[in-house]
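To start, the structure itself, in structure tokens.
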Amino acid sequence: MDREDTFRRALPVEPGRTALLVVDMQRAFVEPGQAMEVPPARDVVPRIQELIGIFRERRLPVVFTEFTYSPAAPLLVGDLHPEHRPAAPGAPTGFGLPSSSCLEGEDNVRVIAALAPRADELVIRKHYYDGFNGTVLDGALRARGVTTLVITGTMTDVCVLGTVIGGFNREYRLIVVEDGVATLWPEIQRATLDIVRRAYARVLSTKELADELRRVC
């Protein structure tokens, strides 16, 4: 069996039924000096910008997720990643320390300016890695007739992978953009994309996806 051909036939880019999802490209993860900075995420910004432009040009949905933490909902993620917990006034901040990273109400929660959502585009605030868990994402996509979801963003092995699995379990046809997702370590990037392409989704470059979009949409 040619697995790549099988995935291509089962997971098509469907005209009028394909959406772009930008996962957690927030100031807290992308900007230099942030406690949870993912430097490679800055490298994928131009690729995501290109895809956003193509989707908007074709009037296909563009959706964004923003991970947020709230002390009012002290979920396990706050224990595992103390950076999300509120920083005390005057106390040191940084990796491993309470730093108000992605904290509800902080400016660092927002999607970076270079990828800013338009007023008519959906922004999903989520409290878990999986963008579908406890959010309106599934209902909003189905309301638009979306069956194929193109996924970009950060981190490949955490929130991107969690959202891929969440989408797969809801019967979405998934495409992950190889040069449009990023994480901290090259070896983890390669391993995660290998898992994705073997079990959950097609993995395409920005150029491959753009060519397919222009051909069928």
Mind giving me the nanometre distance, one decimal, between the label points for residue 198 and residue 88, set 7 Å out from Cα along Cα→Cβ? 4.6 nm
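If I stretch the segment between residue 207 and residue 50 completely, what's the gain in nm (0.36 nm per residue apart, minus their alpha carbon distance), one decimal?
On the way: separation 157, 0.36 × 157 = 56.52 nm, distance 0.97 nm.
That pair, residue 207 and residue 50, stretches by 55.5 nm at full extension.
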The summed charge of the residue 84 Cβ neighbourhood (under 11 Å; Lys/Arg +1, Asp/Glu -1) stands at -3
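May I ask for the Rg/Rh ratio of the stretch 24-107, computed from Cα atoms with Rh as the Kirkwood radius, given to two decimals?
Working: Rg = 15.3 Å, Rh = 14.3 Å.
In the stretch 24-107, Rg relative to Rh is 1.07.
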Can you give the accessible area per residue of the chain, in Å², using a 1.4 Å probe? 47 Å²
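With r as the distance between the Cβ atoms of residue 142 and residue 59 and R0 = 22 Å, compute the FRET efficiency 1/(1 + (r/R0)^6) and round to 0.05. Intermediate values should be presented prior to the final figure.
On the way: r = 18 Å, r/R0 = 0.82.
The formula returns an efficiency of 0.75 here.
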Place a +1 charge on the Cβ of each Lys and Arg in the chain and a -1 charge on the Cβ of each Asp and Glu, then give the dipole magnitude about the Cα centre in debye, rounded to the nearest 20. 740 debye
Debye calc, one equal point scatterer per Cα of the stretch 1-145, no solvent, log10 I(q)/I(0) at q = 0.13 1/Å comes to -0.67
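Given the chain, what percent of its DSSP beta bridges are antiparallel, to the nearest 5?
On the way: 1 of 26 bridges.
If I count the DSSP bridges inside the chain, around 5 percent turn out antiparallel.
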Taking the reciprocal of mean 1/r across every pair of different Cα atoms in the stretch 63-217, the Kirkwood radius in Å is 16.9 Å
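How large, in percent, is the carbon and sulfur part of the accessible surface of the chain at a probe radius of 1.4 Å? Each step should come with its number before you reach the end.
On the way: 5390 of 10280 Å².
Its accessible area is 52 percent carbon and sulfur atoms.
Where the convex hull is taken over the Cα atoms of the stretch 130-216, what is its projected area averaged over directions, in nm²? Present the calculation step by step, with values, prior to reporting the outcome.
On the way: hull surface 22.7 nm².
It is 5.7 nm².
Under 11 Å from the Cβ of residue 158, count the other residues' Cβ atoms, weight Lys and Arg +1, Asp and Glu -1, and hand me the total.
Working: positive: none; negative: 24, 130, 157.
The answer is -3.
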PRE zone check, label point 7 Å out along Cα-to-Cβ of residue 170, amide N under 15 Å, scope the stretch 17-45, hits 18-24
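The values are calculated or read from the model by the stated rules, or taken from the named source; none is laboratory data. Please read these numbers as outputs of a predicted model, since none were measured by experiment. With ideal geometry, Cβ positions are generated from the backbone for all residues, glycine too; neighbour counts draw on all protein chains shown. Remember, those area values only see protein heavy atoms, side chains included, never the ligands or the DNA or RNA. Shrake-Rupley method; radii C 1.70, N 1.55, O 1.52, S 1.80 Å.
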